[in-house]
Every structure is written in structure tokens, then in C-alpha cells.
1. Regarding PRO89, is this residue at pLDDT 80 or above and buried (at least 18 other Cβ atoms within 10 Å of the Cβ)?
2. Across the range 22-34, what is the number of residues that are touching a Leu at 6+ places or on another chain (Cβ under 8 Å) and either closer than 18 Å to VAL76 by Cβ or not in a helix (DSSP H, G or I) (or both)?
3. For the range 80-164, give me every one of the helices (runs of 4 or more DSSP H) that falls completely inside it and has 3 or more residues that are β-branched (Val, Ile, Thr) and either within 20 Å of THR8 (Cβ to Cβ) or within 14 Å of the chain's Cα centre (by Cα) (or both).
Amino acid sequence: MNVLSPVTALVSAALSVGVGLLQGERLSAAGLVGLPLALVAVVLVSAGHGAGSARPSRRALLPAFGAGAAIALQLVFLHQAPSGSGVAPLVVGRAVSSAVTLTAAALTHRRPGSERPAHAMSAAAGVLDSVANLLFLLAARSGDLTVVAVITALYPAGTVLLARGVLAERIHRGQLADPGTAAVAVGLRALT
């Protein structure tokens, strides 16, 4: 998780920034330094510590790249939503994601296991995801996609910490220090 999540974030940031630049957004001198530094921070947060660190398989990387592309599409579409649309883009996005998830669940034909479903945890994750999307929508309406998407892509720092606390995954000190790199990058990027 602490490797695949940053891969997803890096793909989503790179694609979103590419779309923003293709749409005519320009980077200032600080932005030209801050953008690559932010992308490096995403990679550093995920860096393993030597030869014994976990290496994801190609089978695991493919969904990570796919998720990154899907996140980028969502970010681009939310950025394109007219200001007068209110929260309608979020409602449509939630309806589409729910339909896709329920269809995938139905197609897997898996029987429920003996474990009780974690309904409360799933509901909490859905609420947090909705709040995050609302905050992104508000930020995207007042800023450039290249700025907001890169700041959004720094979420792996939280994921790495959660992977450590909840899943007991091993992380090294460098991963904990790299949020400082991310803060400098965000500061530089925000100066544009």
C-alpha cells in the first residue's frame, strides 16, 4: 500500500498537470521549481529502504496506474465543471462510481465471507471521500488545475502513515521526513 498509493498519486498528478498545461495554464519560475519538487516528494514518500523493500508486481501496478488515470479524469472533469453547477458534478460522480462499484461487485459473484462487513468504516470512508471531493471542487474553481492536482497528489503521506498504523507496514525514517519536502514544494507551487 505504501508503494502503490504514491504510484497512483504520481500518475494522477502527471496526467492532470499535462491537461492543465495543454489547456493553457502557465507556470511561474517558482512553479517550475515547485512542480517537479512536489512530484519528487510523492516518490520519496513511497521510497523503500534498500534491497529488502517491497517491490510491487506488474499485476499490482496495472490497477495502480488505472486508478491514477481514473483519478486524473475525475479531477479534470471537476475542474471543467461550470461554477454555477453547484455540487451537481459531485452527485453525478458519486452516482457513477457507485454504479461501477456495484456492477463490479455483482460480476465477481463472490459470496460474503464469515466476517461481518465493516459498514461503519465503509460509510466513514465514503463521507471522507465526499468531503475531499467537495474541497477539491472548491479549490479547482478558484485555482489552476496544475496547482490543485499536485497538492491533491500529496495524499500518499497520509496513506503511508495509515498503512503503518493500521496495516503495520514497515516504513523508514526518510518517508516520515519527506512531508517537509512536500511542504516546500506546495509553498513554491502556491506562489504561481
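The values are calculated or read from the model by the stated rules, or taken from the named source; none is laboratory data. If you're wondering where the values come from, they're calculated on a predicted model, not measured in any experiment. Glycine gets a Cβ as well: all are built from the backbone with ideal geometry, and neighbour counts include every protein chain shown.
1. Answer is yes for this residue.
2. 4
3. Once the helices (runs of 4 or more DSSP H) in the range 80-164 are filtered for at least 3 residues that are β-branched (Val, Ile, Thr) and either within 20 Å of THR8 (Cβ to Cβ) or within 14 Å of the chain's Cα centre (by Cα) (or both), what remains is 88-108, 145-152.
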